[in-house]
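Heads up, the thing below is written out as structure tokens.
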Amino acid sequence: MPDENAPALRAISSLREIERAQWDHLANSGARRIPTEFESSSELLESVSEENSYNPFLSWDFLQALEESGCASVDTGWMPHHLILEQQGEVLAAVPAYLKNHSQGEYVFDHAWADAIHRAGGRYYPKIQCSVPFTPVTARKLLVAPEVDQGTARQALVSGLVHLADRYNASSVHLTFMQKPEWDALGELEFLQRTDQQFHWNNNEYRSFEEFLETLASRKRKALRKERREALAHDIEIEWITGSDIKEHHWDAFYAFYMDTGARKWGTPYLNRMFFSLLGERQPEDVLLIMAKRNGRYIAGALNMIGSDTLYGRNWGCIEHHPFLHFEVCYYQAIDFAIHRGLKRVEAGAQGSHKLARGYMPNTTYSAHWIAHPSLRNAVANYLEHERVAVEEDQAYLKERGPFKKHQDNST
């Protein structure tokens, strides 16, 4: 007979089926939150590690806001099927998971895989996606309580994901933007391993933006100074707005920017107005709006999220176009804020080799994939083997051509 006291897996269709405290214990247990008024204390920052850093995207509040607003829902093709590992009422581990009928909003592209199996007469969708929706940010995906054996719990979650795929006749399971230890563990469990890259800025305990500029080669330093001058040349002012200072009129302005850029860039923006209100209501201290104002009205802005040691650049938009304003609001002001707050890095989102000239260096991102169809699995495995080599070579090329003085090491 089965042991009634043994750990058991179940899938939930909403985060409301698990208590906030239970989820956050898995996602951000022991996390070090840096106080709002904190400024450059290397001693405090050194106490933050990969294991205890606070990631706002993993929090119950953030993920539930996506569901409650309808952004991650059946209607948008992001059907929550979060997997929970429990024992006698205690939640031991979990993974944020979604049953999907498309590949939008993921930033790890598998469209060619879907096309290949469709051309062969097969079916790629539905699939299981384990990620933070619409958010290309590296974070743990297999959330295990610190007091639980990590290896055993991970294996249980992975086995559960494969069984979930089998239950829904899904073609595949995808865990994207993982931390490397998880990626290594899933490789040992015979998941296919994929790499890509993003561009991050690293804070070498700079005391000012000017001190950061002094680490750049002369030509690059002059170019950045020129860009910053020209970005603000038309009486444009910059505001940092966070915490309780964020009001609904700020979200109204930002949403107009977001919709304009989203409509031009990918057709249908992923996030709705309700989501931003929920975000401001439930995670105000995690939010930084960098807003540009001219003649008394906001004309551009960028949404950032604040972790314990990282500033995460997310969305940008504008209703007036000015040379270099995008770079100023999204990249240079983010660096300024990180230096002011004493954060270790700025993660500027997906893609964009143009960030290299602005001090953002390439960093590897990791994803793992299980594919049911043997022929497709073999073809993808062969492709990923070559792709990993290409990513590594491209990173080496870019790092060699970074903007820093040659004696300055700013790689991670």
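The values are calculated or read from the model by the stated rules, or taken from the named source; none is laboratory data. Keep in mind it's a predicted model, so treat the numbers as computed, not measured. Neighbour counts run over all protein chains shown; Cβ positions are idealised from the backbone, glycine included. Calculation scope for accessible area: heavy atoms of the full protein, side chains included, ligands and nucleic acids excluded. Shrake-Rupley method; radii C 1.70, N 1.55, O 1.52, S 1.80 Å.
Scan the stretch 246-351 for trypsin sites (Lys or Arg not before Pro) in coil per DSSP, keeping those whose Cβ has at most 14 other Cβ atoms within 10 Å, and list them by number. The partial results should precede the final answer.
On the way: sites: 247, 264, 265, 273, 282, 293, 294, 297, 314, 341, 344, 345; in loops: 247, 344.
Here the trypsin sites (Lys or Arg not before Pro) that fit, given the DSSP loop and packing criteria, are 247.
How many angstrom separate the Cα center of the stretch 208-237 from the Cα center of the stretch 149-207?
A separation of 38 Å, based on Cα centres.
What percentage of all Cα-Cα pairs in the stretch 64-147 are separated by more than 19 Å?
Looking at the stretch 64-147, the distances longer than 19 Å represent 48 percent of pairs.
Taking 2.2 N^0.38 Å as the expected size of a compact globular protein, what ratio does the Cα radius of gyration of the stretch 181-302 give against it, to two decimals?
On the way: Rg = 19.5 Å, N = 122, 2.2 N^0.38 = 13.7 Å.
Dividing the Cα radius of gyration by 2.2 N^0.38 Å gives 1.43.
Most mobile of 401, 358, 221 per a Gaussian network model of the chain (Cα springs, under 10 Å)?
Comparing 401, 358, 221 in the GNM, the peak value goes to 401.
Roughly how compact is the stretch 166-231, stated as its Cα Rg over 2.2 N^0.38 Å to two decimals? It would help to have the intermediate numbers written out before the result.
Details: Rg = 21.1 Å, N = 66, 2.2 N^0.38 = 10.8 Å.
Taking N as the residue count of the stretch 166-231, the ratio is 1.95.
May I ask you to give the solvent-accessible area per residue for the chain, in square angstrom, as obtained with a 1.4 angstrom probe?
Details: 18180 Å² over 412 residues.
In whole numbers, the chain has 44 Å² accessible per residue.
Where Lys and Arg each count +1 and Asp and Glu each count -1, what net charge lies around residue 381 among other residues with Cβ under 13 Å from its Cβ? Show your work: numbers first, answer last.
Numbers: positive: 194, 377, 388; negative: 190, 385, 387.
Taking every Cβ under 13 Å from that of residue 381, the sum is 0.
Give, in whole angstrom and from largest to smallest, the semi-axes √(5λ) of the equivalent ellipsoid of the stretch 328-412, with λ running over the eigenvalues of the Cα gyration tensor.
Values: eigenvalues 216, 54, 20 Å².
Each semi-axis is √(5λ); the values are 33, 16, 10 Å.
In whole Hz and in residue order, list the ³J(HN,Hα) couplings for the stretch 241-254 that follow from phi through the Karplus curve 6.51 cos²θ - 1.76 cosθ + 1.60, θ = phi - 60°; x for Gly and Pro.
My calculation for the stretch 241-254 gives 10, 8, x, 5, 6, 7, 10, 4, 5, 5, 5, 4, 5, 5 Hz in order.
Please list, in order along the stretch 220-231, the HN-Hα scalar couplings obtained from phi with the Karplus expression 6.51 cos²θ - 1.76 cosθ + 1.60 (θ = phi - 60°), rounded to whole Hz, x for Gly and Pro.
Values per residue, Gly and Pro as x: 5, 4, 5, 5, 5, 4, 5, 4, 5, 5, 5, 4 Hz.
For the stretch 263-312, what is the relative contact order in percent, using Cα pairs closer than 8 Å and at least 6 residues apart in sequence? Walk me through the numbers before you get to the answer.
Details: 38 pairs, mean separation 12.0, N = 50.
Reported relative contact order: 24 percent.
Residues of the stretch 221-253 with the amide nitrogen closer than 17 Å to a label point 7 Å from the Cα of residue 281, along Cα-to-Cβ, please.
243-252
Straight distance only, please: which lysines reach the Cα of residue 293 with their own Cα at less than 18 Å, same-chain residues fewer than 8 apart left out?
Residue 293 reaches 247.
How high is the relative contact order of the chain, given as a whole-number percent (alpha carbon pairs under 8 Å, six or more residues apart)?
Numbers: 747 pairs, mean separation 86.6, N = 412.
Taking the mean separation of contacting Cα pairs over the length of the chain, I get 21 percent.
Work out from phi, with θ = phi - 60° and the Karplus expression 6.51 cos²θ - 1.76 cosθ + 1.60, the ³J(HN,Hα) of each residue of the stretch 186-201, listed in order in whole Hz, and give x for Gly and Pro.
6, x, 5, 8, 6, 7, 6, 10, 10, 10, 8, 8, 10, 10, 10, 9
Report, ordered by chain and residue number, the lysines lying within cross-link reach of residue 220, taken as a straight Cα distance under 17 Å and ignoring same-chain residues fewer than 8 apart.
Straight-line reach from residue 220, under 17 Å: 355, 399, 405, 406.
So, with a 1.4 angstrom probe, what is the percent of accessible area on the stretch 325-412 that is carbon and sulfur? Could you put the intermediate results ahead of the total?
Working: 1880 of 3910 Å².
Heavy-atom surface of the stretch 325-412 belonging to carbon and sulfur, 1.4 Å probe: 48 percent.
Can you tell me which lysines have their Cα less than 27 Å from the Cα of residue 100? Leave out same-chain residues fewer than eight positions away.
127, 141, 180, 265
Within 10 Å, count the other beta carbons around each residue, average over each peptide in 165-176, 359-370, 301-312, and list them highest first.
Values: 165-176: 19.5, 359-370: 22.2, 301-312: 24.2.
Taking the mean over residues of other Cβ atoms within 10 Å, the ranking is 301-312, 359-370, 165-176.
Using a 1.4 angstrom probe on the protein heavy atoms only, line up 330, 130 by accessible area, largest first. The partial results should precede the final answer.
Numbers: 330 25, 130 0 Å².
Largest accessible area first, the list is 330, 130.
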